[in-house]
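Structure, as C-alpha coordinates:
The values are calculated or read from the model by the stated rules, or taken from the named source; none is laboratory data. Since the structure is predicted, the reported quantities are computational estimates derived from the model, not experimental observations. Note that we place each Cβ from the backbone using ideal geometry, even for glycine, and neighbour counts take in every protein chain shown. Protein only, heavy atoms only, side chains kept; ligands, DNA and RNA dropped before computing areas. Shrake-Rupley method; radii C 1.70, N 1.55, O 1.52, S 1.80 Å.
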Amino acid sequence: MACDRWQAKLDTYLDGELPPEEARAFDAHLHSCPACAAESLAHVQMKRAIHAAGRRFTPTTEFRNRVQQRIAGKPRRALGWSWEFATAVVAILVIAGLGTTYILRQRLRTEQVYSELADLHVATLASSTPVDVVSTDRHTVKPWFTGKIPFTFNLPELQNSDFSLVGGRVTYLGQTPGAHLIYQVRKHQISVFIFQDRLGSGLSGNASVRRHASFSVETWSQGGLRYFVLGDAAPEDIDRLSELFKKAAG
(Lines give C-alpha, C1' and ligand atoms only; values in the text may rest on other atoms or scores of the structure.)
Protein backbone atom coordinates (compact mmCIF):
# COMPACT_ATOMS: atom_id res chain seq x y z
CA MET A 1 0.00 0.00 0.00
CA ALA A 2 1.11 3.59 -0.60
CA CYS A 3 0.79 4.36 3.11
CA ASP A 4 3.19 1.59 4.15
CA ARG A 5 6.14 3.77 3.18
CA TRP A 6 4.87 6.59 5.41
CA GLN A 7 3.94 4.41 8.37
CA ALA A 8 7.40 2.81 8.35
CA LYS A 9 8.80 6.27 9.11
CA LEU A 10 6.14 7.22 11.66
CA ASP A 11 8.24 6.77 14.82
CA THR A 12 11.14 8.66 13.28
CA TYR A 13 8.75 11.48 12.37
CA LEU A 14 7.22 11.66 15.87
CA ASP A 15 10.71 11.77 17.41
CA GLY A 16 11.55 14.76 15.21
CA GLU A 17 14.39 12.90 13.49
CA LEU A 18 13.28 13.10 9.87
CA PRO A 19 15.19 15.46 7.54
CA PRO A 20 13.28 18.78 7.08
CA GLU A 21 12.13 17.98 3.53
CA GLU A 22 10.81 14.53 4.50
CA ALA A 23 9.16 15.98 7.62
CA ARG A 24 7.31 18.56 5.52
CA ALA A 25 6.20 15.86 3.10
CA PHE A 26 5.01 13.73 6.02
CA ASP A 27 3.07 16.70 7.45
CA ALA A 28 1.33 17.19 4.10
CA HIS A 29 0.48 13.49 3.91
CA LEU A 30 -1.08 13.50 7.41
CA HIS A 31 -3.31 16.38 6.39
CA SER A 32 -4.66 14.33 3.48
CA CYS A 33 -4.70 10.77 4.88
CA PRO A 34 -7.08 10.04 7.82
CA ALA A 35 -5.65 6.50 8.20
CA CYS A 36 -2.08 7.72 8.75
CA ALA A 37 -3.29 10.56 10.99
CA ALA A 38 -5.14 8.04 13.16
CA GLU A 39 -2.06 5.79 13.27
CA SER A 40 0.02 8.80 14.31
CA LEU A 41 -2.41 9.53 17.15
CA ALA A 42 -2.15 5.92 18.35
CA HIS A 43 1.65 6.09 18.37
CA VAL A 44 1.62 9.40 20.29
CA GLN A 45 -0.68 7.89 22.92
CA MET A 46 1.58 4.81 23.24
CA LYS A 47 4.68 6.98 23.64
CA ARG A 48 2.91 9.01 26.34
CA ALA A 49 1.94 5.85 28.24
CA ILE A 50 5.50 4.48 28.10
CA HIS A 51 6.91 7.84 29.17
CA ALA A 52 4.58 8.00 32.18
CA ALA A 53 5.28 4.38 33.19
CA GLY A 54 9.02 5.04 33.23
CA ARG A 55 8.67 7.73 35.90
CA ARG A 56 6.48 6.04 38.44
CA PHE A 57 9.24 5.24 40.95
CA THR A 58 9.47 7.55 43.98
CA PRO A 59 11.43 7.05 47.23
CA THR A 60 9.42 5.17 49.88
CA THR A 61 9.34 5.16 53.67
CA GLU A 62 10.98 1.73 53.57
CA PHE A 63 13.95 3.22 51.71
CA ARG A 64 14.32 5.93 54.35
CA ASN A 65 14.20 3.34 57.15
CA ARG A 66 16.92 1.24 55.49
CA VAL A 67 19.20 4.29 55.29
CA GLN A 68 18.59 5.10 58.96
CA GLN A 69 19.25 1.50 60.03
CA ARG A 70 22.55 1.33 58.16
CA ILE A 71 23.76 4.59 59.68
CA ALA A 72 22.53 3.71 63.18
CA GLY A 73 24.22 0.28 63.02
CA LYS A 74 27.74 1.74 62.74
CA PRO A 75 29.87 1.87 65.97
CA ARG A 76 29.72 5.11 67.89
CA ARG A 77 32.79 7.27 67.68
CA ALA A 78 34.36 8.75 70.74
CA LEU A 79 32.99 12.14 69.86
CA GLY A 80 29.35 12.58 70.88
CA TRP A 81 28.19 14.25 67.70
CA SER A 82 28.18 11.14 65.41
CA TRP A 83 24.47 10.33 65.85
CA GLU A 84 23.46 13.96 65.49
CA PHE A 85 25.53 14.21 62.31
CA ALA A 86 23.97 11.03 60.90
CA THR A 87 20.47 12.31 61.70
CA ALA A 88 21.24 15.59 59.99
CA VAL A 89 22.50 13.73 56.88
CA VAL A 90 19.35 11.60 56.76
CA ALA A 91 17.20 14.71 57.14
CA ILE A 92 19.03 16.39 54.27
CA LEU A 93 18.65 13.28 52.10
CA VAL A 94 14.94 13.06 52.86
CA ILE A 95 14.36 16.75 52.11
CA ALA A 96 16.40 16.48 48.90
CA GLY A 97 14.46 13.34 47.94
CA LEU A 98 11.11 15.04 48.54
CA GLY A 99 12.23 18.05 46.52
CA THR A 100 13.41 15.87 43.67
CA THR A 101 10.18 13.87 43.75
CA TYR A 102 8.12 17.07 43.58
CA ILE A 103 10.14 18.39 40.64
CA LEU A 104 9.87 15.07 38.78
CA ARG A 105 6.12 14.95 39.36
CA GLN A 106 5.74 18.51 38.06
CA ARG A 107 7.78 17.66 34.98
CA LEU A 108 5.76 14.49 34.44
CA ARG A 109 2.50 16.43 34.76
CA THR A 110 3.79 19.03 32.29
CA GLU A 111 4.72 16.30 29.78
CA GLN A 112 1.30 14.67 30.27
CA VAL A 113 -0.47 17.96 29.55
CA TYR A 114 1.57 18.51 26.39
CA SER A 115 0.94 14.91 25.31
CA GLU A 116 -2.83 15.24 25.84
CA LEU A 117 -2.88 18.44 23.80
CA ALA A 118 -0.77 16.83 21.06
CA ASP A 119 -3.31 13.97 20.97
CA LEU A 120 -6.14 16.46 20.55
CA HIS A 121 -4.26 18.26 17.80
CA VAL A 122 -3.51 15.04 15.90
CA ALA A 123 -7.11 13.88 16.34
CA THR A 124 -8.31 16.97 14.45
CA LEU A 125 -6.19 15.91 11.46
CA ALA A 126 -7.95 12.54 11.42
CA SER A 127 -11.43 13.99 11.86
CA SER A 128 -13.77 14.74 9.00
CA THR A 129 -15.17 17.65 11.05
CA PRO A 130 -12.19 19.19 12.88
CA VAL A 131 -14.19 22.24 14.05
CA ASP A 132 -17.80 22.79 15.14
CA VAL A 133 -17.96 26.43 14.08
CA VAL A 134 -16.40 27.02 10.66
CA SER A 135 -15.52 30.64 9.98
CA THR A 136 -12.58 32.89 9.21
CA ASP A 137 -14.32 35.75 11.04
CA ARG A 138 -13.30 36.13 14.69
CA HIS A 139 -16.53 38.02 15.37
CA THR A 140 -18.40 34.84 14.41
CA VAL A 141 -16.19 32.31 16.18
CA LYS A 142 -15.84 34.10 19.54
CA PRO A 143 -19.62 34.53 20.23
CA TRP A 144 -20.19 30.85 19.33
CA PHE A 145 -18.45 29.83 22.58
CA THR A 146 -20.81 31.91 24.75
CA GLY A 147 -22.61 29.60 27.18
CA LYS A 148 -20.52 26.61 26.10
CA ILE A 149 -17.46 27.36 28.28
CA PRO A 150 -17.29 29.24 31.63
CA PHE A 151 -15.14 32.15 30.42
CA THR A 152 -14.64 34.58 27.57
CA PHE A 153 -11.55 35.41 25.56
CA ASN A 154 -10.39 37.68 22.77
CA LEU A 155 -9.22 36.60 19.34
CA PRO A 156 -6.47 38.52 17.53
CA GLU A 157 -6.84 40.60 14.41
CA LEU A 158 -5.12 38.69 11.57
CA GLN A 159 -5.07 41.41 8.94
CA ASN A 160 -1.61 41.79 7.33
CA SER A 161 -0.47 38.47 8.82
CA ASP A 162 0.17 35.03 7.30
CA PHE A 163 -2.40 33.39 9.58
CA SER A 164 -6.02 32.53 8.81
CA LEU A 165 -8.70 31.34 11.24
CA VAL A 166 -10.30 28.00 10.33
CA GLY A 167 -12.80 27.73 13.21
CA GLY A 168 -13.17 26.34 16.71
CA ARG A 169 -14.65 23.70 18.95
CA VAL A 170 -15.16 22.99 22.65
CA THR A 171 -12.54 20.64 24.10
CA TYR A 172 -11.57 19.23 27.50
CA LEU A 173 -8.30 18.92 29.41
CA GLY A 174 -8.63 16.80 32.54
CA GLN A 175 -12.43 17.21 32.42
CA THR A 176 -11.98 20.99 32.29
CA PRO A 177 -13.84 22.64 29.36
CA GLY A 178 -11.98 25.02 27.13
CA ALA A 179 -11.70 26.46 23.64
CA HIS A 180 -9.82 24.76 20.80
CA LEU A 181 -9.15 27.08 17.88
CA ILE A 182 -7.59 26.06 14.58
CA TYR A 183 -5.39 28.41 12.55
CA GLN A 184 -3.61 27.84 9.27
CA VAL A 185 -0.29 29.21 8.05
CA ARG A 186 1.31 28.09 4.79
CA LYS A 187 -0.64 24.78 4.75
CA HIS A 188 0.26 24.03 8.38
CA GLN A 189 -2.43 23.80 11.04
CA ILE A 190 -1.86 25.29 14.48
CA SER A 191 -4.03 24.56 17.51
CA VAL A 192 -4.66 27.22 20.14
CA PHE A 193 -6.09 25.87 23.42
CA ILE A 194 -7.52 28.18 26.08
CA PHE A 195 -8.54 27.06 29.60
CA GLN A 196 -9.19 28.68 32.95
CA ASP A 197 -5.82 28.84 34.70
CA ARG A 198 -7.34 28.77 38.19
CA LEU A 199 -8.72 25.27 37.60
CA GLY A 200 -5.16 24.00 37.40
CA SER A 201 -3.46 22.65 34.35
CA GLY A 202 -0.49 21.35 36.30
CA LEU A 203 1.63 24.20 34.89
CA SER A 204 2.82 27.47 36.31
CA GLY A 205 4.47 30.50 34.75
CA ASN A 206 5.23 30.88 31.07
CA ALA A 207 7.29 28.80 28.64
CA SER A 208 8.78 29.96 25.36
CA VAL A 209 8.57 27.81 22.25
CA ARG A 210 9.85 24.27 22.89
CA ARG A 211 9.63 20.94 21.11
CA HIS A 212 7.34 18.11 22.17
CA ALA A 213 7.30 14.99 19.99
CA SER A 214 7.21 16.43 16.46
CA PHE A 215 5.46 19.67 17.48
CA SER A 216 6.44 23.12 18.68
CA VAL A 217 4.47 24.42 21.67
CA GLU A 218 4.32 27.63 23.70
CA THR A 219 2.27 28.26 26.85
CA TRP A 220 1.58 31.23 29.10
CA SER A 221 -0.90 32.53 31.67
CA GLN A 222 -2.68 35.84 31.14
CA GLY A 223 -5.83 37.34 32.59
CA GLY A 224 -6.72 34.20 34.53
CA LEU A 225 -6.51 32.03 31.41
CA ARG A 226 -3.94 29.44 30.35
CA TYR A 227 -3.00 29.49 26.65
CA PHE A 228 -1.29 26.75 24.62
CA VAL A 229 -0.19 27.22 21.00
CA LEU A 230 0.84 23.92 19.37
CA GLY A 231 1.50 22.70 15.86
CA ASP A 232 3.98 21.40 13.30
CA ALA A 233 4.62 24.87 11.90
CA ALA A 234 7.99 26.57 12.30
CA PRO A 235 8.82 27.73 15.85
CA GLU A 236 8.83 31.35 14.70
CA ASP A 237 5.25 30.95 13.44
CA ILE A 238 4.19 29.52 16.82
CA ASP A 239 5.85 32.49 18.51
CA ARG A 240 4.23 35.06 16.17
CA LEU A 241 0.73 33.63 16.69
CA SER A 242 1.34 33.57 20.46
CA GLU A 243 2.32 37.24 20.39
CA LEU A 244 -0.88 38.10 18.50
CA PHE A 245 -2.95 36.36 21.21
CA LYS A 246 -1.01 38.09 24.01
CA LYS A 247 -1.65 41.44 22.37
CA ALA A 248 -5.37 40.68 21.95
CA ALA A 249 -5.70 39.54 25.57
CA GLY A 250 -3.84 42.55 26.88
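Annotations for the structure displayed:
- Output for the range 198-226, where each listed residue is open to solvent by 40 Å² or more (accessible area, probe 1.4 Å), modelled with pLDDT under 90 and not in a strand (DSSP E or B): Arg198, Leu199, Gly200, Ser204, Gly205, Asn206, Ala213
- Residues within the range 19-34 that are free of Cβ contacts under 8 Å to residues at least 40 places away in the same chain and either open to solvent by less than 40 Å² (accessible area, probe 1.4 Å) or farther than 13 Å from Ser214 by Cα (or both), tallied: 6
- Flag if Thr152 is of a type outside the set (A, V, I, L, M), without any contact (Cβ under 8 Å) to a residue 12 or more places away in the chain and under 20 Å from Gln222 (Cβ atoms): yes
- In the range 227-248, the residues that are part of a strand (DSSP E or B) form Cβ pairs under 6 Å with partners that are of a type in the set (D, E, K, R), at six or more places apart or across chains, as follows: Val229/Glu218.
- Of residues in the range 150-187 being charged (D, E, K, R) and on the phi < 0 side of the Ramachandran plot, the one surrounded by the fewest Cβ atoms within 10 Å (Cβ to Cβ): Glu157
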